[in-house]
Amino acid sequence: MTVRRSVVVGCGGYLPEKVLTNEELAQRLDTSDEWIRERSGITQRYIAAEGELTSDLACAAARTALDAAGITPDAVDLIVVATSTPDETFPASATVVQSKVGADNAMAFDVQAVCSGFVYALATADNFVKSGQAGTALVIGAETFSRILDWQDRGTCVLFGDGAGAIVLKAEDGQGNATDRGVLSTHLHSDGRLHDLLYVDGGPSSTGEVGFLRMEGKEVFRHAVVKMADVTVEALEANGLTASDIDWFVPHQANKRIIDGTAKKLGINGDRVVVTIDRHANTSAASIPLALWVATGDARIKQGDLVLIEALGGGMTWGSGLVRW
Ligand code: UT7
């Protein structure tokens, strides 16, 4: 039986020029390089320049991905941007990207699932492709979390960074089994009762101001360890696969200890895990596509490889996906 698959044909990314190291943070906050590295695995993060917007980061990543795919912007018929830090309350940053890259034939909208945003955006685009409503899709994760951080709150501001990553999906026929190239499955969950563990204390309908990120780190950590293990097993079981089939585990980059814990529970060796948190910190919806960009750029992820992604974020939202590259 022939099925329609969303195949990744290009991957791109962008990091702002400015690097902010742990040492620099320690000069202005009651923290230390040692604490940040030991508790999170982070050594530095990238920070967008003044006037550099989420859509600018997204466009830079999108252009790299389109170039890698050898696809011109006019061939794109869907743009989904995963972001919690849009340029403006409305319109969607995806429409800004559409205009800046000249993808005039596309429909464009944002998806808001915080750190799980890229998994949600991938699932959305995949369903558009599978249903036949789109043939070529640009899926982007882009964030300027530096703009919603309380830089006096050492419990949160040391953990996040700015950046963008993107992939291009193209419809191709597959056989309907796990040997197909493309998105094999996605698995999404949310639990709104866990709102208070990770949220921004502002917004157009509440305070009228943008607000700052607030997080109960320890509680989020606890949920992440359990939910990441469950949702990755769900992805494997749905496809009749085991962890030994996974070539690359590309988790959301929130904390090196969460990444290591999930990989260990699954039985995936460290040398098959893509880790960027040390240099990128947590870039929320951008972290997975940025990690994909890094690992395709250095030729770790190659065509035919089986890639497992997962993320958890505010909401709470969490999810996973299996993609044969
Ligand atoms: O992407 C969305 C999902 N987000 C996550 O998955 C993040 C999940 N949470 C985490 O990654 C970890 O919980 C953190 C890295 C945020 C914190 O690590 P922790 O081991 O849970 O530390 P903690 O929050 O329990 O804090 C331990 C101590 C506290 O001091 P006391 O109360 O023991 O005296 C904190 O006040 O560390 C203190 N602390 C700091 N010390 C130096 C908190 N932040 C800092 C800091 N520098 N930046």
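Is one or more of the residues making up the range 128-145 hydroxyl-bearing (S, T, Y), in a helix (DSSP H, G or I) and either open to solvent by less than 10 Å² (accessible area, probe 1.4 Å) or touching a residue at least 60 places away in the same chain (Cβ under 8 Å) (or both)? Looking for residues that are hydroxyl-bearing (S, T, Y), in a helix (DSSP H, G or I) and either open to solvent by less than 10 Å² (accessible area, probe 1.4 Å) or touching a residue at least 60 places away in the same chain (Cβ under 8 Å) (or both), one finds none in the range 128-145, hence no. Candidates D271, D230, D278, D260: the one that is within 22 Å of Y120 (Cα to Cα), acidic (D, E) and not in a loop (DSSP other than H, G, I, E, B) is D230.
Here the range 244-278 is the region considered, the condition is being within 15 Å of L184 (Cα to Cα) and open to solvent by 10 Å² or more (accessible area, probe 1.4 Å), and the residue that is nearest to the ligand (Cβ to nearest atom) is W248. Considering each residue of the range 86-94 in turn, none proves to be crowded, with 24+ Cβ neighbours inside 10 Å and in contact (Cβ under 8 Å) with a residue 60 or more places away in the chain.
For the range 221-246, the tally of residues that are in contact with a helix residue (DSSP H, G or I) (Cβ under 8 Å, 6 or more places away or on another chain) and free of Cβ contacts under 8 Å to residues at least 60 places away in the same chain stands at 6. Filtering the range 152-179 to residues that are within 16 Å of the ligand (Cβ to nearest atom) and open to solvent by 70 Å² or more (accessible area, probe 1.4 Å) leaves Q152, R154. Report yes if G182 is over 19 Å from the mean Cα position of the chain (by Cα) and either open to solvent by less than 80 Å² (accessible area, probe 1.4 Å) or not assigned by TED's automatic domain parsing to the domain that holds P251 (or both), otherwise no. For G182, the condition - over 19 Å from the mean Cα position of the chain (by Cα) and either open to solvent by less than 80 Å² (accessible area, probe 1.4 Å) or not assigned by TED's automatic domain parsing to the domain that holds P251 (or both) - is not met.
Taking the criterion of being open to solvent by 10 Å² or more (accessible area, probe 1.4 Å), β-branched (V, I, T) and in a helix (DSSP H, G or I), the residues of the range 108-127 that qualify are V114, T124.
Kindly indicate the residue of the range 40-63 that is in a helix (DSSP H, G or I) and open to solvent by less than 20 Å² (accessible area, probe 1.4 Å) and also nearest to the ligand (Cβ to nearest atom) among those meeting that condition. Filtering the range 40-63 for residues that are in a helix (DSSP H, G or I) and open to solvent by less than 20 Å² (accessible area, probe 1.4 Å), the one nearest to the ligand (Cβ to nearest atom) comes out as S40.
State which residue is nearest to the ligand (Cβ to nearest atom) when the search covers only the range 19-39 and only residues that are open to solvent by less than 90 Å² (accessible area, probe 1.4 Å) and assigned to a helix (DSSP H, G or I). Within the range 19-39, the match that is nearest to the ligand (Cβ to nearest atom) is I36. One residue stands out in the range 281-298 among those that are in a helix (DSSP H, G or I) and open to solvent by 50 Å² or more (accessible area, probe 1.4 Å): the one that is farthest from the ligand (Cβ to nearest atom), namely G297.
When P16 is tested against (1) open to solvent by less than 10 Å² (accessible area, probe 1.4 Å); (2) within 16 Å of the ligand (Cβ to nearest atom), exactly one condition is not met: (2).
The values are calculated or read from the model by the stated rules, or taken from the named source; none is laboratory data. Computed from a prediction, not measured in an experiment: that's the story for all the values here. Don't worry about glycine lacking a Cβ; one is built from the backbone with ideal geometry, like all the others, and counts go over all protein chains shown. Just so you know, the surface numbers come from the protein's heavy atoms only, side chains and all, with ligands and any DNA or RNA stripped out. Shrake-Rupley method; radii C 1.70, N 1.55, O 1.52, S 1.80 Å.
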